[in-house]
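For reference, the structure is listed below as structure tokens.
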Amino acid sequence: METIKALQADHFGRWKNREAIAESMIPVLGRLARERNVVVTVFGRSLVNRSVIQILKSHRRVRMIAGDLSVVDTFPILEIIASLDVGTCEIDIGKLAIDYRENGNGSDLRAFVAAAVQPGIGLTPQGEPRDVVLYGFGRIGRILARLLIEKAGNLGGLRLRAIVVRKTTDGDLQKRASLLRRDSIHGPFEGTIAVDEENEAIIANGNFIKVIYASQPEEIDYTAYGISNALLIDNTGKLKDDAGLGRHLTCPGVTRVILTAPAKGTIKNLVYGVNNDTITDADTILSAASCTTNAITPVLKVMNDHFGILSGHVETVHSFTNDQNLIDNYHKADRRGRSAVLNMVITETGAAKAVAKALPELLGKLTGNSIRVPTPNVSMAILSLTLEKAASKEEINEFLRQVSLHSNLQDQIDYTNSTEVVSSDFIGSRSAGVFDAQATIVNGNRANLYVWYDNEMGYSCQVMRIAEQVSGTHYLHLPIEG
């Protein structure tokens, strides 16, 4: 009994100590963000404006992929960063802590951290923020709004200035604000939302967001609302080619357009982390492809680079979407008219073909299909690949674990090794996809890989990464990965 009591006291004491350390981190994190534009993360998860419990959980999730990590390891690193002349960058203190543990060899921690963040020392805050307009305010539009508002405090970042929608009924503004405030999947908005009826605007965490009512793109003069050089993100999916999306560019105040759907014609379909380096100043209209294309292309790229892909099939098990019917009713597409909440529905996906637009080396090597299932969010892609060389399950899993930790695709490929996870555990995931190591099946040169993805949040984060790049507001990430 005494032994148990001692263990209880020991564990509780360590927990209270970690709580106290996390509380001490919060003001340091806030000052770095507000005064120097430094965003601190743990393996890609921002710690800015997070609670004590959220900070502790961000550290805990690392265990599955990199080993034990706690605030005891990261707080000294945070203090060192705060004492250095670092500005306008994103610093991953989780990676620094693990790297020091594995490669520090007993060296001085301050010298180790200073060397890792040296590229960020002396950086000054960026200039004026870039205006952003959301054209459409459905599922993706509202998540993008949340992400933009979350980053509104970043100096020289993206600033949400307006939302364009069609007016429906009286009380439309209140309904739009309510949908932003409450979300059945992603939970309540973190902050405060008010409505300015007189000026037709939503005030979110102090940000004045004009709601513009219009039926056609050409109707709007954005400069009349003080908006200039704006990046417009079209979330409607109605306009998909140069002619249609080019209508936005005829509006005063708009200089660039991103489509949150696969594009037709000559528009570049982008998967951030894979082919975003092809963007030029001449590309005034861009597509962020689809959620599935973003989830599978990074994994396919690294697998092809390392093992070689001879052929493959992509089967997506996809949550139902708003274009399906709640109960059986007419639908122009085959099978999609049947009730989304009662059936698994076989449908086509263009994701496999779309991969080749980002990875031309896989042209003609992939087929694909999709099954819509009765869940509202989070999907899975099953990659059935024939590789050029045989590999073991352990080899493939370790390779993808290392990619998720130490590559320039760390924001795109996350990793889980839990035997217990299910789809709802990935709600809110900000990676393009999460590789499930426990599900991997390998037989010689045949491999089945399973990739989870939040088809709303994960995809929206990919859109944001493209938006930040084309706006020149993308942060330097430290430590720099290969």
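The values are calculated or read from the model by the stated rules, or taken from the named source; none is laboratory data. All of these numbers come straight from a predicted model, not from anything done at the bench. Virtual Cβ from ideal backbone geometry, glycine too; neighbours counted across all protein chains shown.
Structure notes:
- In segment 437-464, the residues that are charged (D, E, K, R) and buried (at least 22 other Cβ atoms within 10 Å of the Cβ): Asp454, Glu456
- Among residues of segment 161-175 being over 28 Å from the mean Cα position of the chain (by Cα) and assigned to a loop (DSSP other than H, G, I, E, B), the one that is surrounded by the fewest Cβ atoms within 10 Å (Cβ to Cβ) is Thr169.
- Residue list for segment 429-456, filter: assigned to a strand (DSSP E or B) and within 19 Å of Phe43 (Cα to Cα): Gly433, Val434, Phe435, Asp436, Val451, Trp452, Tyr453
- Restricting segment 260-273 to residues that are small (Gly, Ala, Ser) and buried (at least 18 other Cβ atoms within 10 Å of the Cβ), the residue that is nearest to Ala145 (Cα to Cα): Ala261
- Hits in segment 228-259 - residues which are surrounded by fewer than 20 Cβ atoms within 10 Å (Cβ to Cβ), free of Cβ contacts under 8 Å to residues at least 24 places away in the same chain and in contact with a Lys or Arg (Cβ under 8 Å, 6 or more places away or on another chain): Gly244
- Single match in Val254, Val271 (criterion: of a type in the set (A, V, I, L, M) and not assigned by TED's automatic domain parsing to the domain that holds Gly226): Val271
- Checking each residue of segment 101-121 against the condition of being modelled with pLDDT of 90 or more, within 19 Å of Asn408 (Cβ to Cβ), surrounded by fewer than 17 Cβ atoms within 10 Å (Cβ to Cβ) and over 23 Å from the mean Cα position of the chain (by Cα) gives at least one match.
- The residues of segment 274-298 that are under 30 Å from Ala390 (Cβ atoms) and surrounded by fewer than 24 Cβ atoms within 10 Å (Cβ to Cβ), listed by number, are Val274, Asn275.
- Identity of the residue in segment 311-340, of a type in the set (A, V, I, L, M) and over 30 Å from Glu388 (Cα atoms), that ends up surrounded by the most Cβ atoms within 10 Å (Cβ to Cβ): Ala340
- Yes/no for Val28 being closer than 16 Å to Pro479 by Cα and touching a helix residue (DSSP H, G or I) at 6+ places or on another chain (Cβ under 9 Å): no
The rows are residues; the columns are (1) within 20 Å of the chain's Cα centre (by Cα); (2) outside any helix (DSSP H, G or I); (3) under 30 Å from Pro360 (Cα atoms).
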site: Ala177; (1), (2), (3): no, no, no
site: Asp183; (1), (2), (3): yes, yes, no
site: His186; (1), (2), (3): yes, yes, no
site: Val195; (1), (2), (3): no, yes, no
site: Lys210; (1), (2), (3): no, yes, no
site: Leu239; (1), (2), (3): no, yes, yes
site: Val257; (1), (2), (3): yes, yes, yes
site: Lys264; (1), (2), (3): no, yes, yes
site: Gly273; (1), (2), (3): yes, yes, yes
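- Selection of segment 281-319 for residues being in a loop (DSSP other than H, G, I, E, B), touching a strand residue (DSSP E or B) at 6+ places or on another chain (Cβ under 9 Å) and within 23 Å of Asp234 (Cβ to Cβ) yields Asp283, Thr284, Ala288, Ala289, Ser290.
- Residue, farthest from Leu231 (Cα to Cα), within segment 123-137, restricted to residues that are in a loop (DSSP other than H, G, I, E, B) and either modelled with pLDDT of 95 or more or touching a strand residue (DSSP E or B) at 6+ places or on another chain (Cβ under 8 Å) (or both): Leu123
- Residue count for segment 105-135, restricted to those that are within 23 Å of Arg159 (Cβ to Cβ) and free of Cβ contacts under 8 Å to residues at least 60 places away in the same chain: 3
- 1 or more residues in contact (Cβ under 8 Å) with a residue 60 or more places away in the chain and on the phi < 0 side of the Ramachandran plot: qualifying strands (runs of 3 or more DSSP E) within segment 338-397: 366-373, 379-387
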